[in-house]
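Here the structure comes first, spelled out in C-alpha cells, and everything after it is commentary.
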Amino acid sequence: MASLVAPDHFSPTEDAAALQKACKGFGTNEKAIIEVLGHRNAAQRKQIRQAYEQLYEEDLVKRLESELTRDFEKAVYRWILDPADRDAVLANVALKKSNPDYPVIIEISCIRTPDELLEVRKAYQLRYKRSLEEDVAAHTTGDIRKLLVGLVSAYRYQGEEINARLANSEADLIHDAIKDKAFSHDEVIRILTTRSKAQLRATFNRYQEDQGTSITKNLLVENPDEILVALRTTIRGLNDPNKYFVKVLSNGIKRAGTDEDDLTRVIVTRAEKDLKEIKEEYYKKNSVSLDQAVAKDTTGDYKAFLLALLGNEE
C-alpha cells in the first residue's frame, strides 16, 4: 500500500497558484511547496503542471529547479515527474556516472512491471533521443553488458502460472553454474532475463529446498567482481522487492554520511506503490521505524518532504 496521503478532491488551479506564490518574490516558501506537492499523486501532479503552464506560461519543473537547492531540489524534481519519465532520468543519471550505478538499472528493470518498464523505455527515447538499451550497451562491457541489456529489454510474462519441472531443472542448472564458478553462464543470464517473476521465485525456492541455502548466500564470496554483485542484486530484486528496498534503505542510512540518492530514490519511487509494506519490513529488520531513521539522518526541508511522502509529518 502507498504511504502517500493525497486528497480525493483538489483544485489544480488553486495548487498552481499556491506554488507560484511560494516561488514569487524574494525567498522561497518551501513549506508551502511541501504542503501541496507532498500530498498529491502522480495524476494530480500532472494536472498541476498543466494548470501552472496554462496560467503562467512557464514550466513548473524548471521553476522549482531554479528555486530549490541540494537534496530537497533533487527530491522534488524526481517526485514531480511522471513515474516513467522519472525512471528514465534515474537510469540516465546512473549510466552517466564515472562508475555507472548498475544497481539502479537492475532495480528499474527487475522491480517495475513489464508494462511499466516498457513505458520507461518509451520515456527514455522521448527524452534522450536514444534507446535505453543503446545507452546501457554503450556504458557497459562484457558479462555486465549481456546481463543489463537483457534485463532492460525484457517484457516478462506477468501471470502466476509456474512449471514445476522447469523450476527443478533450472534450479539444478544454476547450482551447477555456481559450483563451477561459471557465474555469468549464458544459461543463467537467459533464465534471469526471460522467465516470469513467478517462475523465477519457484526456481529460487526449489534451489533453497535442494541446497539448504539461498542462491544469494551461495553467491557470497570475498572480493566479488562486478558481475557477481550484479547477479545478486538481480536475484534479490526479482525474488523479494520489499526486502531488496529495505536493504538499500538500511545500507544508505547506516553508511557514514547518509546516501541521499538511494534514500530519495526509494521513497520517491515507492510512496505511491508499496512504501507502507516496505516500512513494516524495515521495522522488522532494524527495530526502528523508517520515519524515525529518516528524521534522525536528514534535516530541513529535505527531511520534511521525505516525511510527507512517508505519510508521517512532524
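Evaluate segment 105-112: report whether one residue or more is modelled with pLDDT of 95 or more, in a helix (DSSP H, G or I) and either open to solvent by 40 Å² or more (accessible area, probe 1.4 Å) or closer than 15 Å to L309 by Cα (or both).
There is no residue in segment 105-112 that is modelled with pLDDT of 95 or more, in a helix (DSSP H, G or I) and either open to solvent by 40 Å² or more (accessible area, probe 1.4 Å) or closer than 15 Å to L309 by Cα (or both).
Residues that are in contact (Cβ under 8 Å) with a residue 60 or more places away in the chain: list the helices (runs of 4 or more DSSP H) wholly contained in segment 136-243 that include at least 1 such residues.
Fully inside segment 136-243 and qualifying: 142-153, 226-239.
A quick yes/no check of all residues on (1) under 22 Å from I33 (Cβ atoms); (2) of a type in the set (G, A, S); (3) assigned to a loop (DSSP other than H, G, I, E, B); (4) open to solvent by 40 Å² or more (accessible area, probe 1.4 Å):
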site	(1), (2), (3), (4)
D71	yes, no, no, yes
A84	no, yes, no, no
D87	no, no, no, no
N99	no, no, yes, yes
P103	no, no, no, yes
K122	no, no, no, yes
L126	no, no, no, yes
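So if I check each of D180, D115, D135, which one is at pLDDT 95 or above, open to solvent by 60 Å² or more (accessible area, probe 1.4 Å) and not aliphatic (A, V, I, L, M)?
Just one listed residue meets the conditions, D115.
Within segment 239-251, restricting attention to residues that are surrounded by fewer than 23 Cβ atoms within 10 Å (Cβ to Cβ), under 17 Å from E277 (Cα atoms) and not hydroxyl-bearing (S, T, Y), the residue that is farthest from the chain's Cα centre (by Cα) is N239.
Just one of (1) in contact with a Pro (Cβ under 9 Å, 6 or more places away or on another chain); (2) over 22 Å from L117 (Cα atoms) fails for T233. It is (2).
Set side by side, the residues R201, R190 differ, and just one is open to solvent by 60 Å² or more (accessible area, probe 1.4 Å), over 30 Å from K276 (Cβ atoms) and within 26 Å of the chain's Cα centre (by Cα), which is R190. Taking the criterion of being touching a residue at least 24 places away in the same chain (Cβ under 8 Å), of a type outside the set (K, R), in a helix (DSSP H, G or I) and over 19 Å from L81 (Cα atoms), would at least one residue in segment 266-280 satisfy it? The answer is yes, given that some residue of segment 266-280 is touching a residue at least 24 places away in the same chain (Cβ under 8 Å), of a type outside the set (K, R), in a helix (DSSP H, G or I) and over 19 Å from L81 (Cα atoms). Residues that are open to solvent by 30 Å² or more (accessible area, probe 1.4 Å), under 21 Å from the mean Cα position of the chain (by Cα), at pLDDT 95 or above and not polar (S, T, N, Q) do not occur anywhere in segment 158-174. Selection of segment 36-57 for residues being among the small types (G, A, S) and surrounded by 14 or more Cβ atoms within 10 Å (Cβ to Cβ) yields G38, A42, A51.
The values are calculated or read from the model by the stated rules, or taken from the named source; none is laboratory data. Please read all numbers here as calculations on a predicted model, not as lab measurements. Because the Cβ atoms are built from the backbone with ideal geometry, glycine has one as well, and the counts that use them run over all protein chains shown. Just so you know, the surface numbers come from the protein's heavy atoms only, side chains and all, with ligands and any DNA or RNA stripped out. Shrake-Rupley method; radii C 1.70, N 1.55, O 1.52, S 1.80 Å.
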